[in-house]
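The values are calculated or read from the model by the stated rules, or taken from the named source; none is laboratory data. Predicted, not measured: the structure shown is a model, and the values here were computed from it. Virtual Cβ from ideal backbone geometry, glycine too; neighbours counted across all protein chains shown. Calculation scope for accessible area: heavy atoms of the full protein, side chains included, ligands and nucleic acids excluded. Shrake-Rupley method; radii C 1.70, N 1.55, O 1.52, S 1.80 Å.
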Amino acid sequence: MPTQEKIAAVDDLKQRLVGVKTVLLTEYRGLTVQQISELRKQLRAVSAHYKVVKNRLAKIAVSSSELEVLRPQLKGPIALIVSKDDPVAVAKAVSIFARTNQAFAVKGGYVDGRLMQPEGLKALAELPSREALRAQLVGAISGPLTQLVSLLQAPQRELAYVLAERGKGAAE
């Protein structure tokens with residue numbers, strides 16, 4: 001018989017998982033409380049949350065939702081990293097933390113509607129941030145446009161230069 005505490009925990013987890021873009025499954029075995037606190041701090045900076053969950057409760061929470069694809073990976077001691085914002089920023093924060101803490105491992109995840117393995121999450125972490133991609137796109141678009149404007153202005157500029165030189169020659 002489920003207790004009220006477990007029912008509340010499942011409901012809380014279901015609400016956290018509504019509308020998420022990123023859910024990463026991590027193994028926290030071997031991490032100290034201080035390391036987990038540092039990870040939570042880094043994740044809060046990118047609008048993500050870290051929550052240690054019981055597998056049975058997590059399986060109930062993800063059942064009959066788009067996150068049901070995570071069910072087979074809910075084995076062993078796991079914690080969820082949940083974010084409704086930029087998945088690349090979350091992957092970068094997790095990757096940076098994993099480099100300095102060898103006990104921390106990402107088991108897999110769900111990003112923008114797709115199940116991802118740890119290798120895919122590493123590749124995601126290597127992508128430039130959304131702002132950097134936007135800057136690259138603006139640069140790629142504005143560069144040729146600037147050249148086009150310069151080419152279209154060149155005949156008038158050259159004509160003005162010729163007339164100015166001719167005026168100087170006539171005045172002398």
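Where in the chain lies the longest segment free of trypsin sites (Lys or Arg not before Pro) that are both loop residues by DSSP (not H, G, I, E, B) and have at most 16 other Cβ atoms within 10 Å? Here the longest segment lacking exposed loop sites spans 85-172. Kirkwood hydrodynamic radius of the chain, from the reciprocal of the average inverse Cα-Cα distance over all distinct pairs: 19.5 Å. Rg over Rh for region 39-134 works out to 0.95, both radii taken from alpha-carbon positions and Rh defined as the Kirkwood radius.
Per residue, the chain exposes an accessible area of 65 Å² to a 1.4 Å probe, with every protein chain left in place.
Extension gain, Asn55 to Glu131, is 23.8 nm, computed as 0.36 nm per intervening residue step minus the present C-alpha separation. Charge tally for Lys92 (other residues, Cβ to Cβ under 14 Å; Lys, Arg +1; Asp, Glu -1): -1. For region 66-122, GluC sites (Glu not before Pro) meeting the loop criterion (DSSP other than H, G, I, E, B) and having at most 10 other Cβ atoms within 10 Å: none.
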